[in-house]
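Here is the structure we will look at, set down as structure tokens.
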Amino acid sequence: MKNVIEPLKYDNEILKLLDQRLLPLEEVYLTMKTIEDCYKAIQDMVVRGAPLIGFTGIWGMALYLKNNPKIVFPQFEQAANYLKSSRPTAVNLAYEIDRCVEMARNETHMNALYPKLVLHAQQEMNNLYEKNLKMAHLAEIELTKIYGDRPLNVMTICNTGTLACGVLGTALGVIVYLNNKNKVKSVYASETRPYLQGSRLTSYELLKEGIDHNIVVEGAASYLMKNKMVDVIFAGADRIARNGDTANKVGTSSLSIIAKHYGVPFFIVAPVSSFDLNTESGEGIEIELRDPNEILKYKNQYIAHPDAKALNPSFDVSDHSCITGIFCENGTISPVTTLNVTKIAGHK
Ligand code: MRU
């Protein structure tokens, strides 16, 4: 399968991130030299998408070690906590950084850890490709049960492709995989206000893949489903609680509710690293509140009155009762119950 976009590059010990804020009109890479650069890139959404944020976390810790070869473990742990605080909702960031901390804890000579972290980051990205393929295959099996082999109209929200994962992708990975098997008729990409990951990033990836699609505004979801224009919805995840409640880009929850109302299958596609089995339900998931100016302004120009206020929750939680199934590399979780989540996603 082609991998047409490289959101993260590491060449000759130089880490570069594609500035996703400028896409699709400009493709500019920013060089990351320090852990602070990585923190800022995550917080400002130069890099985004739960898995890629996690990988950037590993690279951030590697850069910290490279720049501070004489540090001792408590300093490494402190730096890890700092980097983890760059964005709170996607559990992948904490998951990947915590693994770096475990590696450091078991290391006798901290300065031996840098090359190990670099290798680990590269392996994690490569492994995700295999995992994404497995999820796509599971989705194909499930869809065949429902619709046979006919090409489908698929809807998705936010961006969950190569730009979010570094490789194939989760929900968008399923769509690309199915399209390569001629099983996609057309895609509706929800524009995803306010950051426009759908219209700027998902459409850009779909164009590069040559997949027929329309960008739709968030409010069109009910129209599309009422008029039977959507066969299935795939969304990604930033954090999945023990009972299957799933935090993802704001707007995902309303999609899942409308889908349930109209009987449209609604699936989450996410690696095991996106599960947080220590959190009982969605109520325990911290939702990131972002800068109101992301709503009030567009390209630095006010589109609302300068005195207007805005509230900008960046994620919401889809109730497990509205989710038809979750595909992870360990299997298909359906129905979405605490028992099935722990049984299938309980081992990494
Ligand atoms: O704020 P973002 O762009 O990082 O949000 C991304 C999403 O919500 C994705 O759907 C999620 O991270 C899954 S990416 C495979």
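The values are calculated or read from the model by the stated rules, or taken from the named source; none is laboratory data. Since the model is a prediction, treat every value here as computed from it, not as a measurement. Cβ: placed from backbone, ideal geometry, glycine included. Neighbour counts: every protein chain shown. To get the accessible areas, we keep the full protein, side chains included, count just its heavy atoms, and leave off ligands, DNA and RNA. Shrake-Rupley method; radii C 1.70, N 1.55, O 1.52, S 1.80 Å.
Which of the trypsin sites (Lys or Arg not before Pro) found in region 206-250 are loop residues per DSSP with 15 or fewer other Cβ atoms within 10 Å of their Cβ? Intermediate results must be reported in sequence, preceding the final value.
Working: sites: Lys208, Lys226, Lys228, Arg239, Arg242, Lys249; in loops: Lys228, Arg242.
Here the trypsin sites (Lys or Arg not before Pro) that fit, given the DSSP loop and packing criteria, are Lys228.
Order Asp231, Asp212, Asp319 by their accessible area, 1.4 angstrom probe, all chains in place, largest first.
Result, largest first: Asp212, Asp319, Asp231.
Identify, among Gly251, Ala80, Gly284, the residue whose Cα sits farthest towards the positive end of the charge dipole of the chain, taking +1 on the Cβ of Lys and Arg and -1 on the Cβ of Asp and Glu, with the dipole about the Cα centre.
Working it through, the farthest residue towards the positive pole turns out to be Gly251.
State the volume of the convex hull built on the alpha-carbon positions of region 93-140, expressed per residue in Å³ and rounded to an integer. All intermediate terms of the calculation are to be shown ahead of the outcome.
Values: hull volume 3.5 nm³, N = 48.
Dividing the Cα hull volume of region 93-140 by its residue count gives 73 Å³.
On a 18 Å Cα-Cα criterion, which of the cross-link pairs Lys228/Lys260; Lys84/Lys343; Lys145/Lys226; Lys33/Lys66 come out too long? Intermediate results must be reported in sequence, preceding the final value.
Details: Lys228/Lys260 13 Å; Lys84/Lys343 28 Å; Lys145/Lys226 23 Å; Lys33/Lys66 10 Å.
From Lys228/Lys260; Lys84/Lys343; Lys145/Lys226; Lys33/Lys66, over 18 Å: Lys84/Lys343; Lys145/Lys226.
I need the shape label for region 299-341. Rule: rounded when a/c is under 1.5, else prolate if a/b > b/c, else oblate, with a, b, c from the alpha carbon gyration tensor.
In terms of gyration-tensor shape, prolate.
Mind grabbing the accessible area of Glu130 for me, 1.4 Å probe, Å², rounded to tens?
So the heavy atoms of Glu130 present about 110 Å² to solvent.
Once label points are set 7 Å from the Cα along Cα→Cβ at both Glu218 and Lys145, what is their separation, rounded to one decimal in nm?
About 3.2 nm separates the two model spin labels.
Taking 0.36 nm per intervening residue step and subtracting the Cα-Cα distance, what contour gain separates Thr342 from Asn278 on full extension? Provide the component values of the computation, followed by the final result.
Numbers: separation 64, 0.36 × 64 = 23.04 nm, distance 1.05 nm.
Going from the current span to full extension adds 22.0 nm.
Give, to the nearest whole percent, the P(r) tail of region 8-125 beyond 19 angstrom, counting all Cα pairs. Show your work: numbers first, answer last.
Values: 2744 of 6903 pairs.
Roughly 40 percent, rounded to a whole number.
Put Arg150, Arg193 in order of accessible area, largest first, 1.4 Å probe: what do you get?
Numbers: Arg150 110, Arg193 90 Å².
In descending accessible area the options line up as Arg150, Arg193.
Principal axes first, then extents: for the Cα atoms of region 85-181, list largest minus smallest coordinate on each axis, whole Å, largest first.
57, 25, 20
Which length gain, in nm to one decimal place, applies between Lys228 and Glu107 when the Cα-Cα distance is subtracted from 0.36 nm times their residue separation? Write out the running numbers ahead of the final one.
Working: separation 121, 0.36 × 121 = 43.56 nm, distance 5.68 nm.
Net length gain for the segment: 37.9 nm.
Probe radius 1.4 Å, ligands and nucleic acids ignored: give me the carbon and sulfur share of the accessible area of region 135-345 as a rounded percent. Can you show the working numbers first?
Working: 4310 of 8330 Å².
Accessible surface attributable to carbon and sulfur in region 135-345 totals 52 percent.
When only the heavy atoms of the protein chains count and the probe is 1.4 Å, how do Ile240, Ile258 rank by accessible area, highest first? Provide the component values of the computation, followed by the final result.
Details: Ile240 0, Ile258 40 Å².
Final ranking, largest accessible area leading: Ile258, Ile240.
Rounded to the nearest 10 degrees, what's the angle between the helix 171-180 long axis and the longest principal axis of the chain, both from Cα atoms, 0 to 90?
60
For region 8-125, which whole percent of the accessible surface, found with a 1.4 angstrom probe, sits on carbon and sulfur atoms? Show your work: numbers first, answer last.
Details: 2640 of 5190 Å².
On region 8-125, the fraction of accessible area on carbon and sulfur atoms equals 51 percent.
Using a ≥ b ≥ c from the Cα gyration tensor of region 216-310 (square roots of the eigenvalues), is it rounded, prolate or oblate, where a/c under 1.5 gives rounded and otherwise the larger of a/b and b/c decides, a/b for prolate?
On the way: a/c = 2.59, a/b = 1.22, b/c = 2.12.
Verdict is oblate for region 216-310.
Can you give the Rg to Rh ratio of the chain, both from alpha-carbon atoms, with Rh computed by the Kirkwood formula?
Values: Rg = 19.6 Å, Rh = 20.4 Å.
So for the chain, dividing Rg by the Kirkwood Rh gives 0.96.
Suppose we keep just the DSSP beta bridges with both residues in the chain; what percent of those would be antiparallel, to 5? Intermediate results must be reported in sequence, preceding the final value.
Numbers: 20 of 41 bridges.
That works out to approximately 50 percent antiparallel.
Solvent-accessible area per residue for region 135-345 at a 1.4 Å probe radius, Å²?
39
For a test of the definition: using alpha carbon positions, the gyration tensor, and the 1.5 limit on a/c, classify region 180-243 as rounded, prolate or oblate. If you can, show how the numbers build up before the last one.
On the way: a/c = 1.26, a/b = 1.17, b/c = 1.07.
It is rounded, given that a/c, with a ≥ b ≥ c, falls under 1.5.
What FRET efficiency do you get for Glu77 and Lys181 if R0 is 56 Å and r is their Cβ-Cβ distance, rounded to the nearest 0.05?
On the way: r = 46 Å, r/R0 = 0.82.
Taking R0 as 56 Å, the efficiency between Glu77 and Lys181 is 0.75.
Simple spin-label model, 7 Å along Cα-to-Cβ: Ser85 to Thr332 in nm?
Distance between label points: 4.4 nm.
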